[in-house]
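Note sheet for the following structure.
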Amino acid sequence: MYPERYRHNPLYPTDSDFKIIKRDQITGLGVITKRSFETGDVVAALAGEVTTELTQHSLEIEPGLHLLDMHFAGFFLHSCHPNVCLDMPNRLVYALRPIAPNDYLLMDYGQTESVLFKQLECQCGSDNCRGWITGHAEGPNVELVEYQAFLQKQNVLA
Ligand SMILES: [Zn+2]
């Protein structure tokens, strides 16, 4: 999935194991696996451009340093009940629980990101859904306040 100019690594994701597909209009692109993984398995090694710029698809390596991977991990979807976690210093993705073919790879954006490019309403549907996606070092922004006011109004009308 990565361009040939990246140094070869047998753990890099391949087209035979993964596919980037459009899930829906709201969440956009996501990555599905075509094979299964057990808890603790290395799912893939990551590569990309290291940049100081925070962007929508970048992943934080450490504060102020980001990996822009527009071939694979940049398209992982968020879940509050993720099935993968990312070891950014070592550029590895691990399975947190068993993953079956055709499952989306789901990460918790708050695991890697201290601050998000854009905070989002979460519709992951898990029992422990936080409802709003933020980085781990930031509080909810003004949009959450507006969002809660919106929900309150919906409840009043219901
Ligand atoms: Zn959620």
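Search the range 112-158 for residues being touching a strand residue (DSSP E or B) at 6+ places or on another chain (Cβ under 8 Å) and in a helix (DSSP H, G or I), and hand back the single one that is nearest to residue 62 (Cα to Cα).
112
Identify, please: which residue in the range 97-130 is open to solvent by 60 Å² or more (accessible area, probe 1.4 Å) and within 15 Å of the ligand (Cβ to nearest atom) and is, among those, nearest to the chain's Cα centre (by Cα)?
111
Please indicate, with yes or no, whether at least one residue in the range 68-80 is within 16 Å of the ligand (Cβ to nearest atom) and open to solvent by 60 Å² or more (accessible area, probe 1.4 Å).
no
State which residue is least open to solvent (accessible area, probe 1.4 Å) when the search covers only the range 50-65 and only residues that are over 20 Å from residue 29 (Cα atoms) and of a type outside the set (Ser, Thr, Tyr). If you could, list the steps in order and put the result at the bottom.
Start the filter on the range 50-65 by keeping residues that are over 20 Å from residue 29 (Cα atoms), which leaves 50-53, 61-65.
When the remaining residues are screened for being of a type outside the set (Ser, Thr, Tyr), the result is 50, 53, 61-65.
Working: 50: 79, 53: 114, 61: 29, 62: 100, 63: 108, 64: 47, 65: 55 Å².
Within the range 50-65, the match that is least open to solvent (accessible area, probe 1.4 Å) is 61.
Is it true that residue 83 is buried (at least 18 other Cβ atoms within 10 Å of the Cβ) and in contact with a strand residue (DSSP E or B) (Cβ under 8 Å, 6 or more places away or on another chain)?
Working: buried (at least 18 other Cβ atoms within 10 Å of the Cβ): yes; in contact with a strand residue (DSSP E or B) (Cβ under 8 Å, 6 or more places away or on another chain): yes.
Yes.
The values are calculated or read from the model by the stated rules, or taken from the named source; none is laboratory data. Quick caveat: nothing in here was measured; it's all calculated off a predicted structure. Every residue, glycine as well, gets a Cβ built from its backbone with ideal geometry; the counts of neighbours run over all protein chains shown. We work out accessible area using only protein heavy atoms, side chains counted, and drop any ligands, DNA or RNA first. Shrake-Rupley method; radii C 1.70, N 1.55, O 1.52, S 1.80 Å.
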